[in-house]
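Everything below concerns the one structure shown next.
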Amino acid sequence: MSDPVRDPSRGARRRAARGALVPLAALAVCYALYAGVTAAVRTHVDHRIDAPVGRPVLDFELPDTTGHAWRAADLRGRYVVLNFFRSQCASCLAERDAVRQLAARVDPAQVEVLGVFLDAVQGYDPAVSAATLRTLAYRHPVLIADAAFVDAFHGAGWAHVTPVTYVVGPDGSITGSHRGVGSYAELAALLPADALRR
C-alpha cells in the first residue's frame, strides 16, 4: 500500500506558525525585563523619597519667586508643607487643584504651605518656567530650589520625579512624604486634623 500523498504546503504552514511565535516570545521577554526594571526603579525612588522622614530638615535659605528669602529657622513652631513640582509635568498640573485647596484650608497660625520649584535644578528655560508659574497660579509662596536643597530630600538626580510632597513638623523634623498626584484628602492626611479649617 502506498503512502497517501502529502500536502507540501502543510509543512510550510507549520514552519511559518513556529516562526511567528519567536517574535512573540521575544516581545514577552522584553516586556518582562521592562516591567522588572521599572518596578526596581520605582522601589528605589520610593525608598529615596521615604528616607528623609524622621530626619531634621536641612538648615536652608531659599528665595521665593518674589525674591523674599525663606529660612528653615523662621518656620520652626509650625508645620511646613513642601510641594516639589516642575515644568512639563502633567502630574504636577493634575495635582494643582488639590494643592491650592490645601493651601486655602490650612490654619496659617499652624501651617505654612510652600511650593518648591525645581526648574533651576533641571535647567529649564526661564520662559518655560514663567509660563508654568502662570498656569499653576499658586497663591502660596513658591521657593526656587537649588541642588543642595533637593539633595537633602530625594536627590537632585531624581528632581524630575514630581510631584513629591514632604511635611516638616514644628520641631524641624520631616514627618511625612507623598509621591505622585495627591488628592486633597491624601495631602491633608499628612497634617494633624486640627491644623485644617473646615
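The numbers here are math on the coordinates, done by the rules we state, and not lab data. Since the structure is predicted, the reported quantities are computational estimates derived from the model, not experimental observations. Note: ideal-geometry Cβ built from the backbone for every residue, glycine included; neighbour counts use all protein chains shown.
Quick notes on this structure:
- Filtered residue count, the range 173-198, keeping only those that are part of a loop (DSSP other than H, G, I, E, B), buried (at least 18 other Cβ atoms within 10 Å of the Cβ) and not aliphatic (A, V, I, L, M): 1
- Among the residues of the range 46-100, those that are among the basic types (Lys, Arg) and assigned to a loop (DSSP other than H, G, I, E, B) comprise Arg55, Arg76, Arg78, Arg86.
- Set Ala127, Ala103: member being of a type outside the set (Phe, Trp, Tyr), without any contact (Cβ under 8 Å) to a residue 24 or more places away in the chain, assigned to a helix (DSSP H, G or I) and over 16 Å from Ser177 (Cα atoms): Ala127
- Positions within the range 147-169 being more than 17 Å from the chain's Cα centre (by Cα) and either free of Cβ contacts under 8 Å to residues at least 12 places away in the same chain or not in a helix (DSSP H, G or I) (or both), in sequence order: Val168, Gly169
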